[in-house]
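The values are calculated or read from the model by the stated rules, or taken from the named source; none is laboratory data. The model shown is predicted, which means the values in this text are computed figures rather than measured ones. Methodologically, a virtual Cβ is constructed for each residue, glycine included, from the backbone with ideal geometry; neighbour enumeration extends over all protein chains shown. Note: accessible area is taken over every heavy atom of the protein model, side chains too, but ligands, DNA and RNA are not part of it. Shrake-Rupley method; radii C 1.70, N 1.55, O 1.52, S 1.80 Å.
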Amino acid sequence: MADEARDGHTEQLAVCVRFVSCKGHVKECFLGLRKLERFGDLGLFASELVQLSNTRWACQVNSIKALLNNISAVLATLEATNTPIAKGILSKLSKPKTVYMLIMFSQLLGITEGLHRYLQGERLDMGKAVEYKMSVVDTLSKLRTEAATEEIFEKAMDICGSYNIQIPQGARHKQKRLEGFVLESSCGATPNLTSSAEFRYEIFFPCLDRMLQELADRFSGAGQKIMEGIQACNPSSSTFLSEGALKPIVAHYHVMIKPEELVVAKNFMKRKMEKEDICDITTAFHLLDEDMFPTLKVIFRIALTIPVSSCSCERSFSALRHLHMWLRRTMGQERLNDLAILSIEKEYLDNVDPENVIDRFAKLKPRRYNLMLPQ
């Protein structure tokens, strides 16, 4: 895994690896930082990521809930603050449209919050990740009803009534100064929303459809076919050990699957599932013997090590901000890389005996000199 971020005036590329240990545990480790002279040094090119907000959805829901829980204090503080910025924020916040969007995103982002937290984990199961994603998509799809939007509208109107936020009446007045012209973009004027149906079709349905589309695009194209192959490694899937479902991941990673081995593995796993509960890819991976099922062992190891996101790389950039501060701007790339590894992989550093490090450092070269006073 690799991800890029700017450190002052330097482009840094964080490289992490996801692997299965000798004991069969899935782990992620930070390998180091590389200075990039150009953004395209490793075939990376600037591109715009389609997203609903500037940060992760899971980071927004807590802010929205905190604002809703303390909206009375926020409004009172803004009213008591006599500054242009405070007045502008109060004007935006004291609108039914803003209150409606707070209620709406509190519900929508609350549904996706668990999925995003699961996808950020280091030891996630890809098979379960697909199931969780489909469950979230199904839950969001069921909200595309009049009853669900009516409930959000009623909650928003209750808050507006409690804090004397008036709903604008009638259509917004527009000056007809552009008659006879063809407009290719919006001029910034938005209509007043006065009814539940208008809020539903102008705000709720577009936002809901956008979220569903982004979740669908998360594993689209070639990634979607690979995900279908990973799902075939999941014991709880209907396509478990299906040769047709495994073909995309086998072809992508150039693994030669043996039909005979697959048939024996199906019967073996069937007998095992009658005696014990096998619910995830990790459990099935531990049951497969490498001598008996060498090809399937490789396929399951691939399924366990494919990352869903670059969260480990992004976490390294948080440590980078603490290491490469303004007091250390003259630090070289090699020293920065070594300090980053020591800071991020602290669990391995805790097992190192300082005495052994000191002894090894002392033995690198002779450091004591015999000083003889002149006679």
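Taking amide H as placed 1.01 Å from N in the peptide plane, Glu11 has its amide H under 5 Å from the amide H of Leu36, each at least 5 places away in sequence or on another chain. At full extension, Asp291 and Ser242 could sit 15.5 nm farther apart than now, given 0.36 nm per residue minus the alpha carbon distance.
Exposure check, 1.4 Å probe, all protein chains in place: Leu75 carries approximately 10 Å² of accessible surface.
Based on the Cβ-Cβ distance of Thr77 and Arg321, what FRET efficiency does E = 1/(1 + (r/R0)^6) give at R0 = 30 Å, to the nearest 0.05? Present the calculation step by step, with values, prior to reporting the outcome.
Working: r = 30 Å, r/R0 = 1.01.
For Thr77 and Arg321, the calculated efficiency is 0.50.
Note the full-extension length gain between Glu276 and Leu90 as 0.36 nm times their separation in residues minus their Cα-Cα distance, in nm to one decimal. It would help to have the intermediate numbers written out before the result.
Numbers: separation 186, 0.36 × 186 = 66.96 nm, distance 5.98 nm.
Roughly 61.0 nm would be gained on extension.
Here the relative contact order of the range 191-301, from alpha carbon pairs under 8 Å that lie six or more residues apart, stands at 21 percent.
With a 1.4 Å probe and all protein chains kept in place, how do Lys272, Lys97 rank by accessible area, largest first? If you can, show how the numbers build up before the last one.
Details: Lys272 65, Lys97 90 Å².
The most accessible residue leads, giving Lys97, Lys272.
Of all lysines in the structure, those lying under 21 Å Cα to Cα from Lys155, and not within fewer than 8 positions of it along the same chain, are Lys65, Lys92, Lys95, Lys97, Lys142. Listed by chain and number, the lysines whose alpha-carbon sits under 23 Å from that of Lys346, ignoring those within fewer than 8 places in the same chain, are Lys23, Lys27, Lys35. Here Lys92 sits with roughly 130 square angstrom of accessible surface, probe radius 1.4 Å.
Which of the peptides 324-336, 294-306, 62-74, 347-359 is most tightly packed, and how do the rest follow, judged by the mean count of other Cβ atoms within 10 Å per residue? Don't skip to the end; give the middle numbers.
Working: 324-336: 11.2, 294-306: 19.5, 62-74: 13.3, 347-359: 8.8.
Packing proxy ranking, top to bottom: 294-306, 62-74, 324-336, 347-359.
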